[in-house]
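Asker: Take this structure first; my questions come after.
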Amino acid sequence: ITTVQFSVPMYLQVEITSRCNLKCKMCPLTLGATASSGSAGIIDDADWEQVKRLIITAGRIMLVGFGEPMTHPRFAGMLDELDKLGVEISFSTNGIGAEQIAPRLTTLKHLRHVNISIDSPDPKIYEDIRGGDLSRALTGMRAIAAAVPDRVDVTVNSVVMKNNVRSLKAFPAVPYDAGIRFYALNGLHDYADELQSEHIHTGRALQTFLPS
């Protein structure tokens, strides 16, 4: 057995804000299940400077958490700061308002991956799950896909629930038409008892919900 020891982190995963512009029914931030749920805020300047010092050694950073990173008022500037440090950058977003920041993404030399979370191509189902406007998410998705160069991987992902699973069969064509090559399905985490009815239990064939 070979033991591998790491003296530095391989990458950093950082939540720069616990604020969000949606109210996703399965998110612990919405459900009040996180330490910051009662007083959402942004990372303070001192902590951000510490992140930048650490990331020089790690070399890779993922800006992802329960909050929406684009709601941080300095998000674009923070991306620029990381890019100047020469570290690989990834971030996850719900896509709402992304058209405003998409032009800045074209200038980032070290952006490697953007994940966009959209849970259904059906506007009513999307609104039920996320409390938002699907058309705005798709506008942001298309803006990101059009802005980033080919070297940047763009993924769309959906959290699979009984409420949305049948609608997802038709979804991959939507990001594909925008030039996005990757689509991922995520399992539902049970952060609240009321989500039990939405859970597709492990071992039950997905084909049960997606008939041909």
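Asker: List the residue pairs whose Cβ atoms are under 7 Å apart, where the first residue sits in the range 42-57 and is surrounded by fewer than 14 Cβ atoms within 10 Å (Cβ to Cβ), the second is assigned to a helix (DSSP H, G or I), and the two are 6 or more positions apart or on different chains.
Answerer: Going by the 7 Å Cβ cut-off, the qualifying pairs are I56/L85.
Asker: Give the residues of the range 84-100 that are open to solvent by 20 Å² or more (accessible area, probe 1.4 Å) and either of a type in the set (D, E, K, R) or within 21 Å of A137 (Cα to Cα) (or both), sorted by residue number.
Answerer: Passing the criteria: K84, E88, S90, S92, E99, Q100.
Asker: I'd like the full set of residues that are in a helix (DSSP H, G or I) and touching a residue at least 12 places away in the same chain (Cβ under 8 Å), limited to the range 160-190.
Answerer: Residues of the range 160-190 in a helix (DSSP H, G or I): 165-170, 173-177.
Listed by number, the residues that qualify are V165, R166, S167, L168, K169, A170, V174, P175.
Asker: Check whether at least one residue in the range 76-87 is modelled with pLDDT of 95 or more, under 14 Å from the mean Cα position of the chain (by Cα) and farther than 27 Å from I129 by Cβ, and report yes or no.
Answerer: No, the range 76-87 contains no residue that is modelled with pLDDT of 95 or more, under 14 Å from the mean Cα position of the chain (by Cα) and farther than 27 Å from I129 by Cβ.
The values are calculated or read from the model by the stated rules, or taken from the named source; none is laboratory data. No experiment lies behind these values; they were computed from the predicted model shown. Counting neighbours? That spans all protein chains shown, and the Cβs are built from the backbone with ideal geometry, glycine included. The accessibility values were calculated without ligands, DNA or RNA, using every heavy atom of the protein model including side chains. Shrake-Rupley method; radii C 1.70, N 1.55, O 1.52, S 1.80 Å.
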